[in-house]
Amino acid sequence: MLKKKIIIWIIAVVAAMGILLALSAVLPNVSGNDGKPEYLLIRNNASFTDVLDSLHTKKSLRSVLAFEINARLLGYPAKIHGGRYELSPGINNFRLLNRLMKGRQTPVQLSFNNIRTKEQFAKRIAGQLEMEASELLVLLNDNYMLGEYGFDSLTVAAMFIPNTYEFYWTVAPAGFFVKMHSEYEKFWNETRRKKAEEIGLGLIEVSTLASIVEEETNLASEKPIVAGLYLNRLHKGMLLQADPTVKFALGDFGIKRVLFKHIDDSRNSSYNTYTHKGLPPGPIRLPSIESIDAVLNYEANPYFFMCAKGSGGQGHDFAVTFAEHLKNAERYRKEMDRLHY
């Protein structure tokens, strides 16, 4: 009789455990985060222990143990796919594991803008994807690889159009380049290419001029004017004498007032447009779509000179003659002296 009771008890315990196990698979296990999804980042070649550690750290599951038991039963430790996975509030272990085992990543909406250097760009991208900044930087300086896309280490900034793009978190640097070049080709549609041809500039040259325009002014209304002014100087064979190119040559973007000393210190740099005719060898920043389109749709004007407003206001004073420019420059110098720059 006792033996029979023990058997019944064991069966009951096993049945209870089976029920609990079944419930652990189908009951919600991802806690809510005010209704907002969180994301589990799993690196390529991650181990099952790495996944569990990430889940413990995020504290998004009600029970990591229940997840672990179900994961082992379904064979997940042998089917780990790197990626970025949504931990949707309220989903159960079964649905979560199905997502992980099939590698159903949630893409990253990757954005970048306001970037001056390749180092800044690599760091910004690496901050949103799995890749290391150093990996991307190597490719940004690889002239042989860049040549396959029609760029080199000086012009590559023109290939990256600031915007928002969709990527899988685990994309490799080489795959990143393929996608970005495809986006570059889409951006430079027939209309934009025709406008570039009409003003006598190549696509990289348009981006290079746009990068100068963007450094000169953040006023959308001024950008076509500034673009027209620099095109006037280019067509006339004049030096561009753009202060931002001196700052770029020196690698010092905090200079408030470009002086003769700065121009002299950077005179041997091909980016110094006070000492070298024409456009610099490549963009001095990643120009925005707004700035590129400002060049393509420049304002035809008679200006050859510009100077920041001496009144301390936004924008610039534009001039046709050098004499007029000197008056504007004097007002600017007085304002800068007053501000102790």
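The values are calculated or read from the model by the stated rules, or taken from the named source; none is laboratory data. All figures in this text were calculated on a predicted structure; none of them were measured in a lab. Cβ atoms come from the backbone with ideal geometry, glycine included; neighbour counts cover every protein chain shown.
Which is without any contact (Cβ under 8 Å) to a residue 40 or more places away in the chain and over 30 Å from ILE80 (Cβ atoms), of GLU135, GLU222, GLU197? That would be GLU197, the only listed residue that is without any contact (Cβ under 8 Å) to a residue 40 or more places away in the chain and over 30 Å from ILE80 (Cβ atoms). When the residues of the range 192-219 are filtered to those that are over 21 Å from the mean Cα position of the chain (by Cα) and of a type in the set (A, V, I, L, M), which remaining residue is farthest from LEU296 (Cα to Cα)? Here the residue is LEU219. Condition check: of a type outside the set (Ser, Thr, Tyr) and in contact (Cβ under 8 Å) with a residue 60 or more places away in the chain. Does ILE115 satisfy that? It is true that ILE115 is of a type outside the set (Ser, Thr, Tyr) and in contact (Cβ under 8 Å) with a residue 60 or more places away in the chain. Is it the case, given these coordinates, that LEU259 is within 17 Å of SER207 (Cα to Cα) and either at pLDDT 95 or above or over 29 Å from the mean Cα position of the chain (by Cα) (or both)? No: the conditions fail for LEU259. Output yes when any residue across the range 270-285 is in a helix (DSSP H, G or I) and either surrounded by fewer than 20 Cβ atoms within 10 Å (Cβ to Cβ) or of a type in the set (Phe, Trp, Tyr) (or both), and no when none is. No, the conditions are met nowhere in the range 270-285. Which one is nearest to the chain's Cα centre (by Cα) among residues in the range 220-244 that are farther than 22 Å from ILE161 by Cα and assigned to a loop (DSSP other than H, G, I, E, B)? Applying the filter and picking the extreme gives ALA242. Evaluating ILE204 against the criteria (1) touching a helix residue (DSSP H, G or I) at 6+ places or on another chain (Cβ under 8 Å); (2) modelled with pLDDT under 95 leaves one unmet condition, (2).
Can you name every residue in the range 119-138 that is out of contact with any Gly (no Cβ under 8 Å at 6 or more places or on another chain) and of a type in the set (D, E, K, R)? Correct list: GLU119, LYS123, ARG124, GLU132, GLU135. Set side by side, the residues GLU86, GLU130 differ, and just one is in the same structural domain as ASN29 (by TED's automatic domain parsing), in contact with a strand residue (DSSP E or B) (Cβ under 8 Å, 6 or more places away or on another chain) and acidic (Asp, Glu), which is GLU86. Under the condition of being within 23 Å of ASP317 (Cα to Cα) and among the polar types (S, T, N, Q), which residue from the range 286-304 is surrounded by the fewest Cβ atoms within 10 Å (Cβ to Cβ)? For the range 286-304, the residue satisfying everything is ASN297. When LYS334 is tested against (1) in a helix (DSSP H, G or I); (2) buried (at least 18 other Cβ atoms within 10 Å of the Cβ), just one condition goes unmet, and that condition is (2). Close Cβ contacts (under 6 Å, 6 or more residues apart or on different chains) running from residues in the range 258-284 that are under 18 Å from ASN141 (Cα atoms) to residues that are crowded, with 22+ Cβ neighbours inside 10 Å and small (Gly, Ala, Ser) comprise TYR271/ALA249; PRO283/ALA157; PRO283/ALA158; PRO283/SER207; PRO283/SER211; ILE284/SER211.
If we keep just the residues of the range 47-83 that are assigned to a loop (DSSP other than H, G, I, E, B) and of a type outside the set (Ser, Thr, Tyr), which is nearest to the chain's Cα centre (by Cα)?
Ranking the candidates gives GLY82 first.
Under the condition of being more than 12 Å from LEU74 (Cβ to Cβ) and of a type outside the set (Lys, Arg), the residues counted in the range 90-113 number 13. Reported count of residues in the range 247-269, each being surrounded by fewer than 18 Cβ atoms within 10 Å (Cβ to Cβ), part of a loop (DSSP other than H, G, I, E, B) and not β-branched (Val, Ile, Thr), is 9. Can you confirm whether PHE318 is surrounded by fewer than 20 Cβ atoms within 10 Å (Cβ to Cβ) and not in a helix (DSSP H, G or I)? Taking the combined requirement at face value, the residue does not satisfy it.
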